[in-house]
Structures are given as structure tokens and as C-alpha cells.
1. List pairs: first in the range 79-91 and farther than 20 Å from Ile60 by Cβ, second in a strand (DSSP E or B) and among the charged types (D, E, K, R), Cβ under 9 Å, 6+ apart or cross-chain?
2. Would you be able to say whether some residue in the range 27-37 is surrounded by 12 or more Cβ atoms within 10 Å (Cβ to Cβ), part of a loop (DSSP other than H, G, I, E, B), modelled with pLDDT under 95 and not aromatic (Phe, Trp, Tyr)?
3. Filter the range 45-77 for residues that are outside any loop (DSSP other than H, G, I, E, B), over 9 Å from the mean Cα position of the chain (by Cα) and of a type outside the set (A, V, I, L, M) and give the result.
4. Being at negative phi, small (Gly, Ala, Ser) and surrounded by 15 or more Cβ atoms within 10 Å (Cβ to Cβ) is the requirement here; does Ala74 meet it?
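The values are calculated or read from the model by the stated rules, or taken from the named source; none is laboratory data. As the structure is a computational prediction, the values presented were derived from the model and not from experiment. Here the Cβ positions follow ideal geometry from the backbone for every residue, glycine too, while neighbour counts run over all protein chains shown.
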Amino acid sequence: MSAEHQHDRRREPRVRLRVGLTVQGSGVDGNAFRLDVSTFDVSPSGAGLELPMPLPVGSIIAVSGRKITFEARAVVRHNFRDRSTHNAIVGVEFLDGKHLPVVEWH
């Protein structure tokens with residue numbers, strides 16, 4: 001799927017923004033992990049993360065801010081492999097109506 005087509009499918013606007021987060025959960029191998037990561041984009045109800053490994057689609061992870069006050073549960077909505085870095089690009093949707101407090105959405 002082309003990036004343009006993917007953009008057309010998005011329900012919400014995205015902003016390219018790096019925010020330091022800590023994510024915790026279980027990987028595809030079932031092992032628990034805790035990683036400090038950065039977003040590459042954010043939307044009103046989610047974020048795009050770059051991780052060293054993919055996460056199971058549908059899995060629930062814990063997300064917290066490293067330098068901002070933010071804690072949420074999030075569900076993994078998609079994964080794909082970045083061809084240049086070989087990292088997993090992971091899209092998450094925040095649960096419980098949470099929003100990253102770094103952008104004022106209208």
C-alpha cells in the first residue's frame with residue numbers, strides 16, 4: 001500500500017513530533033520488555049513508534065512519558081519493518097480516552 005493511500009485511510013490528523021516515551025509489554029516471543037523510545041508522529045488518539053522489534057497486533061502495552069506527565073494503556077494497531085533501519089514501525093491507539101499532552105487538538 002502506498003504512503004499516499006495509507007494517509008487517505010487515516011481517521012485523524014497526524015503531526016510529526018518526537019516525544020520520549022517508555023513502553024512496556026510482551027513481545028511476539030512472549031517475553032516482557034521495557035524500552036525507552038521516541039514517537040515519530042502523534043495523532044489525537046495515538047502515536048507512531050520506532051522499536052527494535054515488532055509487537056503483536058492487538059496486544060496491550062503500557063505507555064508513559066519520560067519528560068512529560070503521561071500514562072496510558074495502548075493497543076497495537078499495526079506493524080511494518082522500516083527498510084532502511086530494519087526497526088519495526090508500530091502504530092498504537094491510546095485507550096481510555098487518553099491523549100498526549102503535547103499538541104492542542106481542535
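1. Asp82/Glu50; Thr85/Glu50; Asn87/Glu50; Asn87/Arg81
2. Start the filter on the range 27-37 by keeping residues that are surrounded by 12 or more Cβ atoms within 10 Å (Cβ to Cβ), which leaves 27-28, 33, 35, 37.
Cutting the leftovers down to part of a loop (DSSP other than H, G, I, E, B) gives us 27-28.
Next cut, modelled with pLDDT under 95 only: 27-28.
Going one step further and asking which of them are not aromatic (Phe, Trp, Tyr), we end up with 27-28.
Among the residues of the range 27-37, at least one is surrounded by 12 or more Cβ atoms within 10 Å (Cβ to Cβ), part of a loop (DSSP other than H, G, I, E, B), modelled with pLDDT under 95 and not aromatic (Phe, Trp, Tyr), which makes the answer yes.
3. Answer for the range 45-77, where residues must be outside any loop (DSSP other than H, G, I, E, B), over 9 Å from the mean Cα position of the chain (by Cα) and of a type outside the set (A, V, I, L, M): Ser64, Gly65, Glu71, Arg73.
4. yes
Table: residues versus (1) loosely packed, with under 12 Cβ neighbours inside 10 Å; (2) in contact with a Phe, Trp or Tyr (Cβ under 7 Å, 6 or more places away or on another chain).
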{"position": "Asp41", "(1), (2)": "no, no"}
{"position": "Phe70", "(1), (2)": "no, no"}
{"position": "His78", "(1), (2)": "no, no"}
{"position": "Arg81", "(1), (2)": "yes, no"}
{"position": "Asn87", "(1), (2)": "no, no"}
{"position": "Val90", "(1), (2)": "no, no"}
{"position": "Leu100", "(1), (2)": "no, yes"}
{"position": "Trp105", "(1), (2)": "no, no"}
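Listed here are the residues, each with its yes/no results for (1) among the small types (Gly, Ala, Ser); (2) at pLDDT 95 or above; (3) in contact with a helix residue (DSSP H, G or I) (Cβ under 7 Å, 6 or more places away or on another chain).
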site: Met53; (1), (2), (3): no, no, no
site: Pro56; (1), (2), (3): no, no, no
site: Ala62; (1), (2), (3): yes, yes, no
site: Ala74; (1), (2), (3): yes, yes, no
site: Asn79; (1), (2), (3): no, no, no
site: Val92; (1), (2), (3): no, yes, no
site: Leu95; (1), (2), (3): no, yes, no
site: Leu100; (1), (2), (3): no, no, no
site: His106; (1), (2), (3): no, no, no
